[in-house]
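**Q** Sharing a structure with you now.
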Amino acid sequence: MGLPAVVGMLVNALYNIVDTIFVGQGVGPLAIASLAIVFPIQMIVSASAQAIGIGTASIVSRRLGEKRHEDAVKAVGTAYATVLVVNVILVTLLFLFMRPILGFFGASEEIMPYAMEYVSIVGAGFFFFSTSMCASNLVRSEGNTRAAMKGMLLGALMNLMLDPLFIFGFGLGVRGAAIATVISQISSAAYLFSLYARKKMIVPIVASELRIRPAILRQSVILGTPAFIQSAGMSLLMLLVNNTLGRYGGNIAITTFGMVHKLLMIVIMPVLGIVQGSQPISGYNYGARRYDRVKAILRTTVLTALGFSLIGYSFMMIFPRIAMGLFTRDAELIAVSARVLRIVVMFIPLAAVQITGSTYFQAVGKASEALILGLSRQFFVLIPLILLLPRFLGLDGVWFSYALADLISTAVTSFFLLREVRRLGIAHAR
């Protein structure tokens, strides 16, 4: 179940990387910076859809394990209705206050035209982006990771083909990248919802159930809050990072971070895939009180995710110049960003433990632990470090904050996971 999710998440990473590569090669460094500015806005939309999708996925997996099919149907209806309402609110606010929002997220006067050009098109496609994000989690909650992978794969392949066509072939630059992105997201959403139309889902979408039930929404929000905090925290983090980089390093520092951040996804996305593949199994067996299996799943997930993370990590540490050369031909920018890449990814394989822990507690319905771990890396550790270290180390303080945050947050997560393993052993013995 994890392998299709790994492929899907890697494809999702390539989705973003391809955009940055073509924009960097076809338009220039300021265009890369504009994508870095817009990214946190996309993360807010993603965070809301992910929160509802992941929270509802936990409910659906456990209800199926408990043989409560009708309750699972009601949960799915609530999820899609909620995502629609939230999306309308977010997109309306974005278009009403586009320029001040982009400025708030760190767009300088030089970057602003590129950012506005990109977000004015991508924003119009947020409906397809958010519904496909939610649908992907709900499809995965039934154990159908292959279908979730195909949905992401379809969108990525479309993006890979359309990016060069619109950017170079039609000469549309940043606007072309945005158009390609929206068409790709429409393709993903259309495929995932075709599963419902073709009756390939265990839990269908029932028209009469497409309404918000406060009790279900409340539970879904509680369970999805850690996922929301992680994604929305990423948006807040990017806001802080972009503004800090602008102050200490200017547009070039923002461009460097835009490239480095895309490469981080090569390590993080396979880990997310493995963890998401294990989520429905953990939730189902926990609901069925098979704590021995839950314990085994947790151990296997950590080790497998760690193994996958080491692959991308090794490439970036050994060949940083090659990695950064994908985005730009500027020799000076490559040299600077290669050094930054090595610093930022120094302890990134440890993220496998942190992500596994946070997602596991979501899957088994333990919202408090999931919330604490969801907050730990970004809010409790990374943001304070970014506020503090640049005062002493300047621009390097931002880069070293990432390495230290991975180290500290993994130590916190390990404490919670070891305690949970002991509890599972006691529960199984009973």
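**Q** Condition first: hydroxyl-bearing (Ser, Thr, Tyr) and farther than 18 Å from residue 32 by Cα. Now tell me which residues in the stretch 219-255 satisfy that.
**A** Within the stretch 219-255, 220, 225, 231, 248 qualify.
**Q** Here's a follow-up. In the list 193, 170, which residue meets the criterion of being out of contact with any Asp or Glu (no Cβ under 7 Å at 6 or more places or on another chain) and touching a residue at least 40 places away in the same chain (Cβ under 8 Å)?
**A** Going through 193, 170 in turn, the sole match is 193.
**Q** Something else about it: Being in contact (Cβ under 8 Å) with a residue 60 or more places away in the chain and crowded, with 16+ Cβ neighbours inside 10 Å is the filter here; which residues of the stretch 398-422 pass it?
**A** 398, 403, 406, 410, 413, 417, 420 - these are the residues of the stretch 398-422 that are in contact (Cβ under 8 Å) with a residue 60 or more places away in the chain and crowded, with 16+ Cβ neighbours inside 10 Å.
**Q** Oh, and also: Determine the pairs where a residue that is within 16 Å of residue 342 (Cβ to Cβ), located within the stretch 302-321, has a partner that is among the charged types (D, E, K, R) with Cβ atoms under 7 Å apart, the partner being 6 or more residues away or on another chain.
**A** That search, which allows pairs on different chains as well, returns 317/342; 320/342.
**Q** Could you please tell me which pairs satisfy a Cβ distance under 7 Å, a separation of 6+ or placement on different chains, a first residue in the stretch 237-265 that is in contact (Cβ under 8 Å) with a residue 40 or more places away in the chain and within 14 Å of residue 30 (Cβ to Cβ), and a second residue that is of a type in the set (S, T, N, Q) and assigned to a helix (DSSP H, G or I)?
**A** So the pair list comes out as 254/242; 256/337; 258/20; 259/20; 259/337.
**Q** Please state which one of 260, 275, 271 is at pLDDT 90 or above and surrounded by 24 or more Cβ atoms within 10 Å (Cβ to Cβ).
**A** Matching residue, one of 260, 275, 271: 260.
**Q** Would the stretch 112-120 turn up any residue that is part of a helix (DSSP H, G or I), among the polar types (S, T, N, Q) and surrounded by 17 or more Cβ atoms within 10 Å (Cβ to Cβ)?
**A** Scanning the stretch 112-120 turns up no residue that is part of a helix (DSSP H, G or I), among the polar types (S, T, N, Q) and surrounded by 17 or more Cβ atoms within 10 Å (Cβ to Cβ).
**Q** Kindly indicate which of 198, 175 is free of Cβ contacts under 8 Å to residues at least 12 places away in the same chain and surrounded by fewer than 21 Cβ atoms within 10 Å (Cβ to Cβ).
**A** After ruling out the rest, the residue left standing is 198.
**Q** A further question follows. When you check residue 358 against the structure, is it of a type in the set (Gly, Ala, Ser), part of a helix (DSSP H, G or I) and surrounded by fewer than 19 Cβ atoms within 10 Å (Cβ to Cβ), yes or no?
**A** When the stated conditions are applied, residue 358 does not pass them.
The values are calculated or read from the model by the stated rules, or taken from the named source; none is laboratory data. Note that this is a predicted model, so its numbers are computed, not measured. Here the Cβ is made from the backbone with ideal geometry for all residues, glycine too, and neighbour counts use every protein chain on show.
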